[in-house]
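Peer 1: Encoded as structure tokens, here's the structure I'll be asking about.
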Amino acid sequence: MTTLRPGEHPDELISASLTGDLSEAEQSQLTRHLADCAHCRDTLAAFDEERRLISGMRHVPPPRDLGARVRAGIESGRAAGLPWWRRPMFLGIAGSVATVAAAVLAIVILNSQPSDPPVGQATPTASASEPASTTAEPSASVDPSVEPIPTPTVNPQAFLRPGELGYFSMVGDSMETPRLAFIKNDTGEAVEADTPAGPPIGAALSPDAEWVAYITEIGESGANQVWGLHLTDGETVRLGCANLSPFADRLLWSGNSQFLVFTIPAVPAEMTETIDCGLVAPGPTGSTDVWAFDTHSGAVMQVTDSGDAFAADIIGQDLEGGTSVLVSHAAESPWTEQLRLPEPLEPDAEPLRIDGMFLPLMSPIPGGPAVYWTGSMSQASQDGRWQFTTGGMPEVGSLNYFGAPDDGTPLFADLSANGGGGFQDGHFGWGADGDLITFWGGLWIGAPQGDDYPSEKAVYAGRLTDGGLMSGSRLDIPTDGQTAQIISVEFEPDGVRAVVSVRDFSAGVGDPASANLYLVPIGGGEAILLGGGIDPPPWDGPAVYGQPPTGFPF
Amino acid sequence: MLSIGLANRNRVPAAVVTAPRISFDLLFEEYSAPIYNYVLRMVGDPDRAADITQDTFIKAYRKLDSLTDEHSTKSWLYRIATNTAIDDMRRRRWISPIGIDDEGQPERPDTAPGPEAQVMAGQLDERIQRALMQLRPNHRQCLILSDLEDMSAQQIGEVMNLSYGAVRTLLCRARGEMRRQLEAEGLVR
């Protein structure tokens, strides 16, 4: 039972009282309160009247032919409101290939990454099998009664239009009372979020630009909080508390914006006693699992319960409208599997599995490669965090569901783990063209490779067609490297510049945290400082870009 | 507004149901009208409600062997209906925005004779439906489940995959929003 503060009106208790969902203690508390509070008596009367109105709505009999329609649907294997992607043209494709190949093909066909061309047009990218361009073209055998495929349109509700930049910023009258806002860079328009217990350090915009998911620190506790901000109405949703852990910061949106998939490393229970986290994941410290937020229902679902799982990527919709998720498992020899949301089509079937690949991040171009980790992992003895201990190297290659990746090439052209060492951790990111790629925040534990190379404080960005990354790929960021920490890196849609959020640790102990946001030219040139929050000291970032519409009208 | 759901990949394998068609017939007989009305209040259009109800029962038929606890039949079926309705609304939002124009004034089957009282009741229904259609889908859903379907917070949680506490919070927000919409319709002060 909650204790009412002076002047507080217990609307939730009043609402629950209408359906008998109160404990005896709560009912007594409410009864006492109502005796003294005219405001709440009005609320009760209004809620009661509203319930009476709804419950009194007429009962409408269903169509008489409903039973026959259901029976016909069952016998024909068709449903009434078949979405367009399940209509004959696509079912024909699915029926023409073997089961596993169909699953992979369907994902490639229906990959809903931001740079998808409208369905029905050939993709600009050639791949080994070229499934997208081959199968997405109009078929001569298409049933003429099939509705034309809708042209993707920009969501009219979108807070950010395609190509527009948005970023988080601490705002307010002073640093004594900061508030968190998500700001549109072009106009300064802002949506305020609930005030967090620390600054934001990660963000991802949903494809329909109605939600932005983000991660904030919880003071200096070493734990983080995962949130969702509904940009169209400003509602903030607490999605959970997450212990600080490498590889746990990916916020992945499904192409239809229904699911946010994220990683929750379990936090010590005492850490959450003073923070309203929403979800507190079960398990010992070091236990890490993948969770999903369903924006349709508001539910948060546990996707894995293995204690070693990390959200890697979302790779598209399948033929039944489900979302395919890549989940990686940390181990001495890590591996990745493909799962389905909201539920498996065949619960008993073994998920598709890729051995030797950790945390793949797919190219935004359908049929393109992934960048992923290889190497051996172990848990740190002091806190159970998973990290690479031997040979931790990023590679670029294709997904191979039948064994270890065999066509991978090192992301860094001039780095070698030399049988040991390598990176302990780090972050990847793709540009929209599937050629531009970045790596940052990687702690090198191998033999020294050169003067301050590779640096944990640096951002490396370059093109695969230029041979990948190398020491000269380091971006010129106007921040003291010794006191900086890269928070996030996003590429402009045209790939000309990167927007980089950099934390500044030069402030004294106890001083407010500070971060700057820079637009940094990829090929060299002067960086531009962005931001519009409290100054000094500012906290601006992370930033995200509005995405072009996907080929999916749902 | 959140809850902790179950890990879906480790669900108990489907139990064997020996006579799915018989069970399904009973299921359809008992629930087709309630599901149709629930969906109708969710989407506000009788034709769409019929299509969604049809799809719901086809899906239910195909998944019937995954229903292992007959006591959860109602919430299981409403959950399928809910997901099907939400998929439909989500898809249509990109084609024509959900709003009063296309959803708020449904043309219902003329199922009753036309005395004045019936006409007035129909007009009242339309205004309530218009108010419902202004709510966010999850607010509308929990309000209908609570007030029209008379489900408890526990049952609503099973349908919406939300915790008991999350349902209470969501219902409270929905009632507050519905109150404002009913005021706008002039139905409450």
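Peer 1: For region B:138-189, give me each residue that is modelled with pLDDT under 85, among the small types (Gly, Ala, Ser) and part of a helix (DSSP H, G or I).
Peer 2: Within region B:138-189, B:157, B:165, B:166 meet the criteria.
Peer 1: Quick check on this structure: which one of B:184, B:174 is buried (at least 24 other Cβ atoms within 10 Å of the Cβ), among the aliphatic types (A, V, I, L, M) and either without any contact (Cβ under 8 Å) to a residue 24 or more places away in the chain or more than 7 Å from chain A (Cβ to nearest Cβ) (or both)?
Peer 2: Just a single option satisfies the conditions, and that option is B:174.
Peer 1: Another question about this same structure. Could you count how many residues in region B:141-150 are more than 8 Å from every other protein chain (Cβ to nearest Cβ) and either more than 12 Å from the chain's Cα centre (by Cα) or surrounded by fewer than 23 Cβ atoms within 10 Å (Cβ to Cβ) (or both)?
Peer 2: Count: 1.
Peer 1: Hey, another quick one. Within region A:330-386, count every residue that is of a type in the set (D, E, K, R), touching a residue at least 40 places away in the same chain (Cβ under 8 Å) and assigned to a strand (DSSP E or B).
Peer 2: Within region A:330-386, residues that are of a type in the set (D, E, K, R), touching a residue at least 40 places away in the same chain (Cβ under 8 Å) and assigned to a strand (DSSP E or B) number 2.
Peer 1: Looking at region B:39-81, which of its residues are under 13 Å from the mean Cα position of the chain (by Cα), under 20 Å from residue B:150 (Cβ atoms) and among the β-branched types (Val, Ile, Thr)?
Peer 2: B:39, B:53, B:56, B:80
Peer 1: Scan (1) part of a loop (DSSP other than H, G, I, E, B); (2) under 22 Å from residue A:530 (Cβ atoms) for the single condition residue A:220 breaks and write down its number.
Peer 2: (2)
So that you can scan it fast, the table gives a plain yes or no per residue for (1) without any contact (Cβ under 8 Å) to a residue 12 or more places away in the chain; (2) at the interface with chain B (Cβ under 9 Å from one of its Cβ atoms); (3) farther than 24 Å from residue B:145 by Cα:
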site: A:13; (1), (2), (3): no, yes, no
site: A:16; (1), (2), (3): yes, yes, no
site: A:23; (1), (2), (3): no, no, no
site: A:29; (1), (2), (3): no, no, yes
site: A:50; (1), (2), (3): yes, yes, no
site: A:55; (1), (2), (3): yes, yes, no
site: A:62; (1), (2), (3): yes, yes, no
site: A:67; (1), (2), (3): yes, yes, no
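Peer 1: Looking at region B:53-82, which of its residues are assigned to a helix (DSSP H, G or I), within 12 Å of chain A (Cβ to nearest Cβ), of a type outside the set (Asp, Glu) and more than 18 Å from residue B:143 (Cβ to Cβ)?
Peer 2: B:53, B:54, B:56, B:57, B:58, B:59, B:60, B:61, B:62, B:64, B:66, B:80
Peer 1: Does at least one position in region A:495-518 carry a residue that is at pLDDT below 75, surrounded by 23 or more Cβ atoms within 10 Å (Cβ to Cβ) and under 20 Å from residue A:161 (Cα atoms)?
Peer 2: For region A:495-518, residues at pLDDT below 75, surrounded by 23 or more Cβ atoms within 10 Å (Cβ to Cβ) and under 20 Å from residue A:161 (Cα atoms): absent.
Peer 1: Continuing with this model, one more query. For region A:430-450, enumerate the residues that are surrounded by fewer than 19 Cβ atoms within 10 Å (Cβ to Cβ) and either of a type outside the set (Val, Ile, Thr) or on the phi > 0 side of the Ramachandran plot (or both).
Peer 2: Residues satisfying the conditions are A:435, A:443, A:447, A:448, A:449, A:450.
The values are calculated or read from the model by the stated rules, or taken from the named source; none is laboratory data. Keep in mind the model is a prediction, meaning the values are calculated, not measured. Using ideal geometry, Cβ is built from the backbone for each residue, glycine included, and neighbour counts are taken over all protein chains shown.
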